[in-house]
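A.B. asks: Here's a structure for you.
The values are calculated or read from the model by the stated rules, or taken from the named source; none is laboratory data. For clarity, every value in this text was computed on a predicted model and none was experimentally measured. Cβ placement follows ideal geometry from the backbone for every residue including glycine, while neighbour counts extend to all protein chains displayed. These accessible areas exclude ligands, DNA and RNA; they are computed on the full protein's heavy atoms, side chains included. Shrake-Rupley method; radii C 1.70, N 1.55, O 1.52, S 1.80 Å.
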Amino acid sequence: MSKMVDSTIKMLTLVFFLVFVSQGYSKCSLSDLSIYQQPTGIQLKQFPEYRVDIINNCANCVQKNVKINCPNFETVEYVDPSIFNVLGNVCIVNGDKPIAKNVNVTFNYAWHNSFSLSPNSSEISC
Ligand SMILES: *[C@@H]1O[C@H](CO)[C@@H](O)[C@H](O)[C@H]1NC(C)=O
Ligand SMILES: *[C@@H]1O[C@H](CO)[C@@H](O)[C@H](O)[C@H]1NC(C)=O
């Protein structure tokens, strides 16, 4: 291999490495927000209870002002509005407090059925 080709390959490797690293640190978006739901197996007033975990997977950034689509959400179990505040079809998660990396925001609710919950919007703050 010529010296020229060798140093070009080294240069490209470095460029790819830097792109990879910078993406890991700065490319954060709403899709880094995961919402998990599962039945707890408990019945409350004959309604099945569900546990919700909302997690920010973003490597270096918090997400705040997190809103979730929660159409028709209802619950017979009290849900603390500072954790999950139902405002029509959109629910606010964690009040105005930021959600840090890999810290579950968790609450339980109980209804006839589970509700579809999906990310609506957030502010990324790095
Ligand atoms: C966070 O949520 C995930 C997904 O539901 C769950 O597997 C994990 O046990 C939770 N971690 C904590 C500390 O509650
Ligand atoms: C966010 O919620 C508003 C109000 O319900 C809705 O019009 C909009 O389409 C939602 N956006 C996303 C990305 O789900």
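A.B. asks: Can you pull out every residue in region 99-123 that is within 16 Å of ligand 2 (Cβ to nearest atom), assigned to a strand (DSSP E or B) and over 11 Å from the mean Cα position of the chain (by Cα)?
C.D. replies: Initially, region 99-123 is screened for residues within 16 Å of ligand 2 (Cβ to nearest atom), giving 115-123.
Right, trim to assigned to a strand (DSSP E or B) and you get 118-123.
Passing the criteria: only 123.
A.B. asks: Looking only at residues that are away from ligand 1 (no atom under 14 Å from the Cβ) and under 19 Å from the mean Cα position of the chain (by Cα) in region 26-41, which one is nearest to residue 92 (Cα to Cα)? Working first, answer last.
C.D. replies: Step one: filter region 26-41 for residues away from ligand 1 (no atom under 14 Å from the Cβ), giving 26-32, 41.
Keeping just the survivors that are under 19 Å from the mean Cα position of the chain (by Cα) gives 26-32.
Working: 26: 24, 27: 23, 28: 20, 29: 17, 30: 14, 31: 17, 32: 17 Å.
The qualifying residue nearest to residue 92 (Cα to Cα) is 30.
A.B. asks: Among the residues of region 80-88, is there at least one that is within 16 Å of ligand 2 (Cβ to nearest atom), open to solvent by 70 Å² or more (accessible area, probe 1.4 Å) and in a strand (DSSP E or B)? Break it down stepwise before answering.
C.D. replies: To start, the set of residues in region 80-88 that are within 16 Å of ligand 2 (Cβ to nearest atom) comprises 84-88.
Right, trim to open to solvent by 70 Å² or more (accessible area, probe 1.4 Å) and you get 87.
Narrowing further to those that are in a strand (DSSP E or B): 87.
Yes, the conditions are met somewhere in region 80-88.
A.B. asks: Moving to a separate point now. So for region 103-115 (the condition being of a type in the set (Ser, Thr, Tyr) and open to solvent by 70 Å² or more (accessible area, probe 1.4 Å)), does at least one residue qualify?
C.D. replies: First pass over region 103-115, keeping only residues of a type in the set (Ser, Thr, Tyr): 106, 109, 114.
Add one more test, that the residue is open to solvent by 70 Å² or more (accessible area, probe 1.4 Å), and what stays is none.
No, there is no match, as no residue in region 103-115 is of a type in the set (Ser, Thr, Tyr) and open to solvent by 70 Å² or more (accessible area, probe 1.4 Å).
A.B. asks: If you don't mind, another one. For region 42-62, how many residues meet the condition of being loosely packed, with under 13 Cβ neighbours inside 10 Å, within 10 Å of the chain's Cα centre (by Cα) and assigned to a strand (DSSP E or B)? Break it down stepwise before answering.
C.D. replies: Initial filter on region 42-62 (loosely packed, with under 13 Cβ neighbours inside 10 Å): 43, 45-46, 57, 60.
When the remaining residues are screened for being within 10 Å of the chain's Cα centre (by Cα), the result is 57.
Then drop every residue that is not assigned to a strand (DSSP E or B), which leaves none.
Adding up the residues that qualify gives 0.
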